[in-house]
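Notes for the one structure printed next.
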């Protein structure tokens, strides 16, 4: 039996740029949340480069905060750009910090994925690579709907407000699916 309680999602954006279409897409997601869902946003900008020697001495405060946020969330929403046919280095770095033992917090988390790019491909390759990481870390990504925001420059206005109705509808559908998927995966 699926749980009907509120779903607390954590958004993690793989771009640090203020003018990022991916950050703008995450802001749009916050506007489009369905009933029964909240969205907090992680700040991965302060994470140092991953270094196992540092981790063994103790997680730096930004890394521990991210791990705590992931652990407290019911679901994750990754918003990834595509750099060189894959996810950004900052997103990979955040995943590396959060996934280290003990008690890696990604275990069993439902995941929604979306991404925006100026190219025609809409982050398909980056999302594929992120899905492989989800498998290894035992997260449960949604298969559909896929939100691949191609030619993003034509979908956002000068203030980075998402104006494209089709894209807004796709993000809204993804959020409903993530909420429902999370409820399905919760213990009764």
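Do we find a residue being within 11 Å of the chain's Cα centre (by Cα), surrounded by fewer than 20 Cβ atoms within 10 Å (Cβ to Cβ) and not in a loop (DSSP other than H, G, I, E, B) anywhere in region 41-49? Checked against the condition, which is being within 11 Å of the chain's Cα centre (by Cα), surrounded by fewer than 20 Cβ atoms within 10 Å (Cβ to Cβ) and not in a loop (DSSP other than H, G, I, E, B), region 41-49 yields at least one hit. Of the residues that sit in region 101-125 and are outside any strand (DSSP E or B) and touching a residue at least 60 places away in the same chain (Cβ under 8 Å), which one is farthest from residue 57 (Cα to Cα)? Ranking the qualifying residues of region 101-125, first place goes to 118. Residues in region 14-28 that are within 13 Å of the chain's Cα centre (by Cα) and closer than 10 Å to residue 45 by Cα: 14, 15.
Checked against the criterion of being surrounded by fewer than 17 Cβ atoms within 10 Å (Cβ to Cβ), part of a helix (DSSP H, G or I) and out of contact with any strand residue (DSSP E or B) (no Cβ under 9 Å at 6 or more places or on another chain), the candidates 54, 135 yield just one match: 54.
Filter region 138-188 for residues that are under 18 Å from residue 20 (Cβ atoms) and under 15 Å from the mean Cα position of the chain (by Cα); which is surrounded by the fewest Cβ atoms within 10 Å (Cβ to Cβ)? The qualifying residue surrounded by the fewest Cβ atoms within 10 Å (Cβ to Cβ) is 148. If the condition is being free of Cβ contacts under 8 Å to residues at least 40 places away in the same chain and closer than 15 Å to residue 45 by Cα, then region 67-91 contributes 67, 89. Of the residues in region 91-102, not one is modelled with pLDDT of 95 or more and loosely packed, with under 15 Cβ neighbours inside 10 Å.
When 94, 63, 98, 29 are checked against the criterion of being within 24 Å of residue 159 (Cα to Cα), in a helix (DSSP H, G or I) and touching a helix residue (DSSP H, G or I) at 6+ places or on another chain (Cβ under 8 Å), a single residue qualifies: 29. Going through region 110-132 one residue at a time, which ones are within 20 Å of residue 47 (Cβ to Cβ) and surrounded by fewer than 22 Cβ atoms within 10 Å (Cβ to Cβ)? Answer for region 110-132, where residues must be within 20 Å of residue 47 (Cβ to Cβ) and surrounded by fewer than 22 Cβ atoms within 10 Å (Cβ to Cβ): just 129. Of all residues in region 69-91, exactly one satisfies the criterion of being farther than 17 Å from residue 23 by Cα, under 11 Å from the mean Cα position of the chain (by Cα) and part of a strand (DSSP E or B), namely 75.
The values are calculated or read from the model by the stated rules, or taken from the named source; none is laboratory data. All of these numbers come straight from a predicted model, not from anything done at the bench. Here the Cβ is made from the backbone with ideal geometry for all residues, glycine too, and neighbour counts use every protein chain on show.
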